[in-house]
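No value in this document is a laboratory result; all are computed from the given coordinates. Everything numeric here is computed off the predicted structure, so don't read it as measured data. We place every Cβ from the backbone using ideal geometry, glycine too, and count neighbours over all the protein chains shown.
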Amino acid sequence: MSVPDRRTVLRSGLAAAALGAVGAAAGCTARPASSAAPAGRRLIGPDGPQVAAAEAARHAAGGTVLAGVAPGAGHVDLGGPVVATWSYGGQIPGPEIRVRKGQVIQALLANRLPAATTVHWHGAAIRNDMDGVPGMTQPPVAPDAQYAYRFAVAQAGTYWYHPHAGVQLDRGLYGPLIVEDPDEPGGYDHEWTVVLDDWIDGTGYTPDQVLAALRQGMTGMGRTAASPSPMASMSGMPMPGGSPAPGSRPAGPSPVLSGTARSSLLGGDAGDVRYPYYLINGRIRTAPRTATARPGQRARIRFINAAADTAFRVALGGHQLTVTHTDGYPVTPARADALLIGMGERYDVTVTLGDGVFPLTALAEGKNATALALIRTAAGEPPPAGVRPAELGGRLASYPGLRAAPQARLAARTPDVTCRLRLTGGMSRYDWGINGQAFDMTRPGALRFGIRPGQRVRVIFANATTMYHPMHIHGHTFALGPAGPRKDTVIVRPGQQVACDLDADNPGQWMTHCHNLYHAPENSGMMAQLSYQT
Ligand code: C2O
Ligand code: CU
């Protein structure tokens, strides 16, 4: 086993290959005052001194927390169905990594998968070279190899980790990353993490076969399951992914949804993939996880949507939710009956528990199926597995209805630079992209958006497709409008335009992409590069 250290990695030519020279086209428009781009702009690489300086400024004084990340293949019981899949440490979700803000996480990835992998720490503003994007911030980690992640976490919140390789996320490879804030008031008796997922692996189709089916469309079904990665592998470096074993053929009904999943909440088309199961904390609804408490106690629930192609509408029967955090950052507490959670998004809520057995139902939005967990504060019969509490149809928390808590607000400032990302493509040709182009890391071209340290950056996602896209920016948490909630992943509905403001305070090369895994598999599709340049 080899444990490449950062220096070897960076000397390997990876950075040079991924970064190249600054291309001519960078699709951002600068405010006139700052438009004079100095000649000879250079990319700030993951190994840049600016990255080290930003890390030093995180002032980690809380010590180091060791964590193991052990992806491997094996069988997992989903509460009845036992599936052959890939998971972290044999459990789904993977082990929760829990630290306090100001601590350093030292996580050893030991890859026991039959494919190369990486770990991305979704939502956490960490040093660029630990961001887990193969071919851009690190080399892929080969089967049986190890990789040492080490980074400070300065911001508390609910985050999660997953591979940034192939379509591995749609196996069982995801886990919560919780960063506690000792200064937070708390005021709850219980804290539960609730991870939502859509599930197909091990039931007939692997995620690679799902992707192949989507690309072939309905007509090509059953021809061949394995399709080569759309991106050229970089010289000397195999791209991760995990093609299905040679000879393996998908079985069972086609997983391709052709426009039959509809949701007015999502503005139309609600998904590309038909899943046999939906899970809360690794369980199907007939074998739900149960949390126990006493009536009148308060609980904090951290919701994470780790699904690949499913937004969930979530409610707790008989209860109102108080939304306290969006994507890790505090909001002015707001009441709601239900939440709509896109892939990659997180919400924290508090609830005051009633007396009884209550269904926590996650409705697969537009797909007419549910996942379930139970909260029990008294003896009694549980509700039926398919229960849909009335609160699902009640008042929904919405972005415009939420305000960042005062300490979490982004200071008012005119953007120095505006990057316009038009979301393009569609289901029929499966050509999801940005500005009419599918991302290719080796030739980012106009999909490399140049920004400079210290700038206020506005990223505009303009959805020109007939489907919603949960758009994610790595390494930063943007604001949705003045005093709006802080987010790192935002649902953009068809025809909608969403402005995301951020401070360019975390130098490096960062991906921004749709968190529908099949719209941006590997490092392709609906994806672009936010590129710090000097
Ligand atoms: Cu969870 Cu690049 O994302
Ligand atoms: Cu998408």
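Summary table below
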quantity: Length-normalised contact order of the chain in % [C-alpha pairs under 8 Å, at least 6 apart]; calculated: 16 percent
quantity: Asp144-Ser248 FRET efficiency (beta carbon distance; Förster radius 22 Å; 0.05 resolution); calculated: 0.55
quantity: Total formal charge among the other residues, if their Cβ is under 11 angstrom from that of Gly525, Lys/Arg +1 and Asp/Glu -1; calculated: -2
quantity: Excluding exposed DSSP-loop trypsin sites (Lys or Arg not before Pro) (at most 15 other C-beta within 10 Å), longest clean stretch of the chain; calculated: 43-222
quantity: Gain on full stretching of the segment that runs from Asn368 to Ala385 - 0.36 nm per residue minus C-alpha separation; calculated: 4.7 nm
quantity: Fraction of beta bridges assigned by DSSP in the chain that are antiparallel (%, nearest 5); calculated: 75 percent
quantity: The chain - Cys residues lacking any other Cys C-beta under 4.7 Å; calculated: Cys500, Cys514
quantity: Residue-span extension gain [His75 to Asp181] - 0.36 nm each, minus C-alpha spacing; calculated: 34.6 nm
quantity: Neighbourhood net charge (12 Å Cβ-Cβ; Lys/Arg +1, Asp/Glu -1) for Leu392; calculated: 0
quantity: Phi to ³J(HN,Hα) by Karplus 6.51 cos²θ - 1.76 cosθ + 1.60 over the range 295-301, Hz, x for Gly, Pro; calculated: x, x, 6, 10, 10, 9, 10
quantity: Pairwise label distance in nanometres, Arg395 with Thr290, each label 7 Å out on the Cα-Cβ vector; calculated: 3.2 nm
quantity: Placed amide H near Arg262: partners under 5 Å, 5+ positions off or other chain; calculated: Ala270
quantity: Around Asn305: net Lys/Arg minus Asp/Glu count, Cβ-Cβ under 12 Å; calculated: -3
quantity: Electrostatic dipole magnitude of the chain [Cβ: Lys, Arg +1; Asp, Glu -1; Cα centre; debye, to 20]; calculated: 800 debye
quantity: Between the range 454-510 and the range 100-141, the alpha-carbon center distance in angstrom; calculated: 22 Å
quantity: Arg376-Gln320 pseudo-label distance in nm [points 7 Å out on the Cα-to-Cβ vector]; calculated: 2.9 nm
quantity: Label-point separation, Leu265 to Thr534 (7 Å along Cα→Cβ), nm; calculated: 4.9 nm
